[in-house]
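Take a look at the structure below.
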Amino acid sequence: MDEFFSTTLTNLHSNNYNDLTLVIGNESCDLDSAVSALVFANFLTWQYNQIRCKVCTKAHRGEVDLPMKEDIFVPVLNVDRCDYELKTEVVYYFRSKGIKDSDLVFRDDYDLEALVNNSKSKVVLVDHHVLAKRDRFLAPFVTEIIDHRPMDKSEWLYKKDVRSTIETVGSCCTLIAQRIKDLSVLVAKDVDFFNAYPVCTEMLRATIILDTVNFSTDLNKATPHDKDIVQFLESLMKPRDLEADRQREHDSLIAARKNVANLTPAQLLKKDVKIVGDVYIPSFPILVKEFLNRPGALDAVSEALQKNNCSVALLLGMDLTEGLQRDTALYSPKTPEKAVKLSKYLEEATNPSLGLSREQLSGAKDCSYYWQLNLSASRKQYIPTVNTFTANK
Ligand SMILES: [Mn+2]
């Protein structure tokens, strides 16, 4: 895999390539998107090298043995490089596999629009098929789509002959592995790529385990297809104690996703945020109380509000260390009356009732702080009430 990274990046950087294919995931840049992009680009490179016949092309290059320009296949992580740290499970997992940050290409490393327009370019979309507004310029270059969300043709901007694999399964990595198997048969045995790149095999399996919550029957995210593919990958990896190994993989990724110890308050505010009207609603994998105890927390909230043209912050926290706990705080440094008004709305909400129980925090007097006693309510349950609030202002 090291060689794939170094050759691809050197050629990309020095503009020394024939055709360019970008493989890009969705803008959440979760493990599924990141692994799908990385593994599929790696596979396309492998496939290209299997098919291409240097001897045949040598004749066309004449007597002088000029170095031939090659096609390159570049995985793109669909976040800015400075936001990579926010994707804690991706950072943890890639580093554990020896993938350095400098091996990765982020969306802001290159002017993607100029890049695709300047060369014979193709784009493969993985883990999404509706482009974000800022990515619409990619549409005419898309030649292949591999995605696991339900088909949405409302913004199908692609060429007629685009090849799409869209199937509702637990993880896009299941479809990536299937596609690699199917394409491999054409050039080699269906297991050759997986055996040549054991790290890819491991990454696909781990992501499917994470996305299906280790095949939890309660959550029911896994399909028979996810199961088949994981069994196929395991038949090559031969883990010793299969069940324990799956559990270990799942637990370490979940722990990494929640591990925000290294993030600054500003990063935490950006990690998982929704904006409704002018209400900024970040959700933390720690309690809001703990967030507010970090130095500079409220200043970071003020800054985030200003940057995003919002006036009220609605902070949502949760913690699992002593059973599930949830808490909430509201803060509006410039228009405190707005925070008070939204607090009232949320206290009185009935659909569902959030069970907000007020507590005065000594360290953050300007915040309205609550324990949330309705533990099943997540941000989804807050949104309708916030919507009513912003509509009635
Ligand atoms: Mn996905």
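Check Leu175 against each of (1) away from the ligand (no atom under 16 Å from the Cβ); (2) farther than 22 Å from Ala256 by Cα; (3) among the aliphatic types (A, V, I, L, M) and name the one condition it does not meet.
With (1) away from the ligand (no atom under 16 Å from the Cβ); (2) farther than 22 Å from Ala256 by Cα; (3) among the aliphatic types (A, V, I, L, M) applied to Leu175, the lone miss is (1).
Can you pull out the residues in segment 295-322 that are of a type in the set (S, T, N, Q) and farther than 26 Å from Ala255 by Cα?
Let us first name the residues in segment 295-322 that are of a type in the set (S, T, N, Q), namely 302, 306, 308-309, 311, 321.
Answer for segment 295-322, where residues must be of a type in the set (S, T, N, Q) and farther than 26 Å from Ala255 by Cα: Ser302, Gln306, Asn308, Asn309, Ser311.
Which of the residues belonging to segment 21-39 are more than 15 Å from Thr207 (Cα to Cα), crowded, with 21+ Cβ neighbours inside 10 Å and either away from the ligand (no atom under 16 Å from the Cβ) or among the charged types (D, E, K, R) (or both)?
Thr21, Leu22
Would you say Tyr370 is in contact (Cβ under 8 Å) with a residue 60 or more places away in the chain, surrounded by 13 or more Cβ atoms within 10 Å (Cβ to Cβ) and either of a type in the set (A, V, I, L, M) or assigned by TED's automatic domain parsing to the domain that holds Leu330 (or both)? Quick ask: steps written out before the conclusion?
Details: in contact (Cβ under 8 Å) with a residue 60 or more places away in the chain: no; surrounded by 13 or more Cβ atoms within 10 Å (Cβ to Cβ): yes; either of a type in the set (A, V, I, L, M) or assigned by TED's automatic domain parsing to the domain that holds Leu330 (or both): yes.
Answer is no for this residue.
Tell me, which residue of segment 373-393 that is among the hydroxyl-bearing types (Ser, Thr, Tyr) and part of a helix (DSSP H, G or I) is surrounded by the most Cβ atoms within 10 Å (Cβ to Cβ)? If you could, list the steps in order and put the result at the bottom.
Quick first cut of segment 373-393, residues among the hydroxyl-bearing types (Ser, Thr, Tyr) only: 376, 378, 382, 385, 388, 390.
Pick out the ones that are also part of a helix (DSSP H, G or I) and you get 382, 385, 388, 390.
On the way: Tyr382: 24, Thr385: 20, Thr388: 13, Thr390: 14.
For segment 373-393, the residue satisfying everything is Tyr382.
Evaluate segment 321-329: report whether one residue or more is surrounded by fewer than 19 Cβ atoms within 10 Å (Cβ to Cβ), under 20 Å from Asn259 (Cα atoms) and charged (D, E, K, R). Walk me through how you get there before you give the answer.
Going residue by residue through segment 321-329, those that are surrounded by fewer than 19 Cβ atoms within 10 Å (Cβ to Cβ) are 321-325.
Now drop any that are not under 20 Å from Asn259 (Cα atoms), which leaves 321-325.
Filter once more, so that each one left must be charged (D, E, K, R): 322.
Yes, that holds for at least one residue.
Run down Ser119, Ser164, Ser184, Ser154 and say which single residue is more than 26 Å from Ser252 (Cβ to Cβ), in contact with an Asp or Glu (Cβ under 6 Å, 6 or more places away or on another chain) and of a type in the set (Gly, Ala, Ser). Write out each step before concluding.
On the way: Ser119 fails: in contact with an Asp or Glu (Cβ under 6 Å, 6 or more places away or on another chain); Ser164 fails: in contact with an Asp or Glu (Cβ under 6 Å, 6 or more places away or on another chain); Ser154 fails: in contact with an Asp or Glu (Cβ under 6 Å, 6 or more places away or on another chain).
Within the list Ser119, Ser164, Ser184, Ser154, the selection yields Ser184.
Could you list, ordered by first residue, the pairs with Cβ atoms under 8 Å in which the first is in segment 125-140 and within 16 Å of the ligand (Cβ to nearest atom) and the second is among the hydroxyl-bearing types (Ser, Thr, Tyr), at least 6 apart or interchain?
Close Cβ pairs satisfying both conditions: Val126/Ser33; Val126/Ser36; Asp127/Ser33; Asp127/Ser36; His128/Ser33; His129/Ser164; Val130/Ser154.
Please list, ordered by first then second residue, the pairs with beta carbon atoms under 6 Å, 6 or more apart or interchain, first in segment 156-175 and crowded, with 21+ Cβ neighbours inside 10 Å, second among the polar types (S, T, N, Q) and part of a strand (DSSP E or B).
Note: pairs meeting the criteria are Leu175/Thr165.
How about segment 141-159: which of its residues are away from the ligand (no atom under 15 Å from the Cβ) and among the hydrophobic types (A, V, I, L, M, F, W, C)?
Of segment 141-159, the ones away from the ligand (no atom under 15 Å from the Cβ) are 141-144, 153-159.
Correct list: Phe141, Val142, Trp156, Leu157.
May I ask you to verify whether Asp272 is within 16 Å of the ligand (Cβ to nearest atom), under 20 Å from the mean Cα position of the chain (by Cα) and under 30 Å from Ser302 (Cβ atoms)? If you could, list the steps in order and put the result at the bottom.
Values: within 16 Å of the ligand (Cβ to nearest atom): yes; under 20 Å from the mean Cα position of the chain (by Cα): yes; under 30 Å from Ser302 (Cβ atoms): yes.
In short, yes.
For a quick check of your reading: which strands (runs of 3 or more DSSP E) sit entirely within segment 230-329 and have at least 1 residues that are at pLDDT 95 or above? Can you show your working first?
Working: elements: 273-276, 279-282, 312-319.
Passing ranges, in order: 279-282, 312-319.
The values are calculated or read from the model by the stated rules, or taken from the named source; none is laboratory data. Here the structure is a predicted model, which means the values were calculated and not measured. Positions of Cβ are backbone-derived with ideal geometry, glycine not excepted, and every protein chain shown enters the neighbour counts.
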